[in-house]
Structures are given as C-alpha cells and as structure tokens.
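Enquirer: Before I ask anything, here is the structure I am working with.
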Amino acid sequence: MTPTSPDLAVFFARLEKTLDRLDAWLPAPPLAPDWDSAIAFRWLRRGAQARLEAIAHPHLIRVEDLQDVADQIARLDANTRQFVKGHRANNALLTGARGTGKSSLV
C-alpha cells in the first residue's frame, strides 16, 4: 500500500512538530570564530561539542630560534613556495617530540 498525499502531509506535519520539540533539547550550534580577533586558534572539545577558540596571547617563536633544522626549513620553504605557485609539491609530515618547533615551521 502506497501512502497518499494527505497521508504524507500528516506524516510530515507530525515529523516537523517532533523535530521542533527535539530542537529545544539540543545545544545551539557554536558561533563561527572571529578570524580577526587572533592570529592563532585551538580546537576545543567539551563533551559532544567542539569549536575553534581564539588564543589571545600565543607563544611566538622565531624561526631563527630553532636549532639544527636549517635543512628542513629550506626544504619545507621551497616545497611550500612551489605549492603556492601551483607547481607540484609534496605533502609534508613533520614529526618529533613535543616542543621541538614543528608548528613553528608551518
């Protein structure tokens, strides 16, 4: 038995009412980050919700302060410049212990 148009209309009306009631229980979607408010952001997860949060005062590291990575810096810089120009480039995977400057290179 196929549903008729009136049956579908009743079904969708009930479905819409049910969804409206469920909306009251759901948390509001997170606001989009203000990209002009900071130069760095972190992904913050609390329970089932996640959002980008501005980092007001990030610890800035100069590339010159990194030690023993001159070759890696040059290769990553050349690769990134090729990518920006639309030429072939490699994916870059930076590995190392915490605090060794991987993110600072990027």
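Taken together, the values in this text are just the output of simple stated rules run on the coordinates, not laboratory data. Everything numeric in this text was worked out from a predicted model, so none of it was measured. Every residue, glycine as well, gets a Cβ built from its backbone with ideal geometry; the counts of neighbours run over all protein chains shown.
Enquirer: Percent relative contact order of the chain, based on C-alpha pairs within less than 8 angstrom and at least six residues apart? Walk me through the numbers before you get to the answer.
Expert: Details: 49 pairs, mean separation 15.7, N = 106.
Taking the mean separation of contacting Cα pairs over the length of the chain, I get 15 percent.
Enquirer: Which entry is the computed Rg and Dmax of the Cα atoms in Å for this structure: [x] 23.0, 79; [y] 14.5, 44; [z] 24.8, 75?
Expert: Looking at Rg and Dmax of the Cα atoms in Å for this model, the match is [z].
Enquirer: Among all stretches of the chain without exposed chymotrypsin sites (Phe, Trp or Tyr not before Pro) (DSSP loop, at most 14 other Cβ atoms within 10 Å), which one is longest?
Expert: On the way: sites that count: Trp25, Trp35.
With chymotrypsin sites (Phe, Trp or Tyr not before Pro) excluded where exposed in loops, the chain gives 36-106 as its longest stretch.
Enquirer: I've got another one for you. Given the -39500 (n - 2.57) contribution per DSSP H run of 4+ residues, what per-residue ellipticity at 222 nm results for the chain, rounded to the nearest 500 deg cm²/dmol? Intermediate values should be presented prior to the final figure.
Expert: Numbers: 3 runs with 38 residues, N = 106.
After summing the helix terms and dividing by the residues of the chain, the value is -11500 deg cm²/dmol.
Enquirer: Do any trypsin sites (Lys or Arg not before Pro) in the stretch 19-93 lie in a DSSP loop with no more than 10 other beta carbon atoms within 10 Å, and if so, which?
Expert: Answer in residue order: Arg62, Lys85, Arg88.
Enquirer: What is the stretch 1-57 by shape, rounded, prolate or oblate, if you read a ≥ b ≥ c off the alpha carbon gyration tensor as root eigenvalues and call it rounded for a/c under 1.5, prolate for a/b larger than b/c, and oblate otherwise?
Expert: On the way: a/c = 4.59, a/b = 3.67, b/c = 1.25.
Note, shape of the stretch 1-57 comes out prolate.
Enquirer: Enter the angle in degrees (range 0 to 90, nearest 10) between the Cα long axis of helix 70-84 and the first principal axis of the Cα atoms of the chain, meaning the one along which they spread out most.
Expert: Between helix and principal axis, roughly 50 degrees.
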